[in-house]
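Right, one structure below, let's go through it.
What follows draws every value from the coordinates through simple rules; no lab data is involved. Here the structure is a predicted model, which is why all the values come from computation and not from measurement. Cβ placement follows ideal geometry from the backbone for every residue including glycine, while neighbour counts extend to all protein chains displayed.
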Amino acid sequence: MRARPTIRALVIDDSAYSRQTITRMLAASPLVEVVATARDGEDALRKTLELRPDVVTLDLEMPRMDGFTYLRLVMAQCPTPVIVVSGRGGDADVFKALDLGATDFIEKPTPHATPELESIRD
């Protein structure tokens, strides 16, 4: 019997592959329920305000509204723990995301997902 989920997650990424991979990894934990996914920052902000997830995974490069803008807006309107999962791993991007309120930064998964990403479900 699956334990009742205690952590409600929102997965934000413009890549369908990344959304599916991250969702599958998080859903493998009996303590995590992925309540929604979003493909851009505008959709993500709307879903964050509506669903009030416990944690968000966030890509930085997305159409219509990028991850940095989403971070600024969500921290002002509905502060939520955000883990950035991005291929933009340069120091400047990492520090900018952390300065805007992200709680952690993890490299985006590849076809052979990294142990760091798998650790966020634990």
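Compared with the alpha-carbon gap, the fully stretched path from Ala16 to Leu51 is longer by 10.5 nm at 0.36 nm per residue. You can think of it this way: the chain between Gln77 and Phe95 has 4.3 nm of extra reach, that is 0.36 nm per residue less the Cα-Cα gap.
Label separation (Thr103 vs Glu42): 2.9 nm, computed from points 7 Å beyond Cα along the C-beta direction. Percent of C-alpha pairs per 5 Å bin in segment 7-119, short distances first: 2, 13, 26, 27, 20, 9, 1, 0.
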